Amino acid sequence: MSTQDLITGYGNFSTYPEYLDRPILQKRYIDTTVTPLTSGDRYKVFSYPANTLILRAGVITETVEGAADTVDLEDDTSATTTLVNDHDLNTENASSEYAGAVFKATAGQISLLANAAITAAKFWVYFESMQFQTTD
């Protein structure tokens, strides 16, 4: 099992905009025909700095996998918080969202866990957060 980085390679250059005290929505398009996902591997999708409030995160299926395969969206590589569990990649336009606020005092990442080998699905992953200012 390995952890791979999906931040690079899709034309998205900024890992986190420098906006304080306002919500930021980031999105990433995952095309598994270009970058297949290996079963059991975690993929880094977004990074967040210390003092971040995670407002919501989710997955939307655009093109189906063709099998009953799923992915999880987690708040780091150790899966201390699963934001989305078993998102369905076999139903077009299926969406799963985590909408509870979680404060992160330390920097971390949002990871995608492939629950099967995924080679045909295309889907969006999004993440809304707010970074708190620590000085006046």
Open item on the list: Quick check on my filter: what residues within the stretch 97-109 are touching a Lys or Arg at 6+ places or on another chain (Cβ under 8 Å) and in a strand (DSSP E or B)?
Closed with: Glu97, Tyr98, Gln109
Task: Selection from the stretch 83-111 of residues that are surrounded by 14 or more Cβ atoms within 10 Å (Cβ to Cβ) and polar (S, T, N, Q) - done: Asn85, Asn90, Ser95, Ser96, Gln109, Ser111
Task: Residues of the stretch 41-55 that turn out to be of a type in the set (Gly, Ala, Ser) and assigned to a strand (DSSP E or B), as a count - done: 1
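Can you name the residue in the stretch 26-40 that is assigned to a loop (DSSP other than H, G, I, E, B) and of a type in the set (Ser, Thr, Tyr) and is also modelled with the lowest pLDDT among such residues? Break it down stepwise before answering.
Pass one, the stretch 26-40, residues assigned to a loop (DSSP other than H, G, I, E, B): 32-36, 38-40.
From what's left, of a type in the set (Ser, Thr, Tyr): 32-33, 35, 38-39.
Numbers: Thr32: 95, Thr33: 95, Thr35: 92, Thr38: 95, Ser39: 95.
Checked the stretch 26-40; the qualifying residue modelled with the lowest pLDDT is Thr35.
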Task: Per-region count, the stretch 56-87, residues touching a residue at least 60 places away in the same chain (Cβ under 8 Å) and in a strand (DSSP E or B) - done: 8
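Could we say that Leu55 is open to solvent by less than 60 Å² (accessible area, probe 1.4 Å) and farther than 21 Å from Leu37 by Cα here?
On the way: open to solvent by less than 60 Å² (accessible area, probe 1.4 Å): yes; farther than 21 Å from Leu37 by Cα: yes.
The answer is yes for Leu55.
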Open item on the list: Need the failing condition index for Ala68 against (1) open to solvent by 30 Å² or more (accessible area, probe 1.4 Å); (2) at pLDDT below 85, just the number.
Closed with: (2)
Open item on the list: If I ask for residues that are open to solvent by 70 Å² or more (accessible area, probe 1.4 Å) and among the aromatic types (Phe, Trp, Tyr), which ones from the stretch 19-52 would you list?
Closed with: Tyr19
Open item on the list: Whether any residue in the stretch 115-125 is among the polar types (S, T, N, Q), part of a strand (DSSP E or B) and either open to solvent by less than 50 Å² (accessible area, probe 1.4 Å) or under 23 Å from Thr33 (Cβ atoms) (or both) is what I want to check.
Closed with: no
- [ ] Tell me which residues, restricted to the stretch 80-110, are farther than 18 Å from Thr33 by Cα, touching a strand residue (DSSP E or B) at 6+ places or on another chain (Cβ under 7 Å) and hydrophobic (A, V, I, L, M, F, W, C).
- [x] Leu83, Val84, Ala94, Ala99, Ala101, Val102, Phe103, Ala107, Ile110
Open item on the list: Val59 - would you say it is in contact with a Gly (Cβ under 8 Å, 6 or more places away or on another chain), among the β-branched types (Val, Ile, Thr) and modelled with pLDDT of 90 or more?
Closed with: no
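The values are calculated or read from the model by the stated rules, or taken from the named source; none is laboratory data. Note that the structure is predicted; figures quoted are calculated from it, not measured. Neighbour counts run over all protein chains shown; Cβ positions are idealised from the backbone, glycine included. Just so you know, the surface numbers come from the protein's heavy atoms only, side chains and all, with ligands and any DNA or RNA stripped out. Shrake-Rupley method; radii C 1.70, N 1.55, O 1.52, S 1.80 Å.
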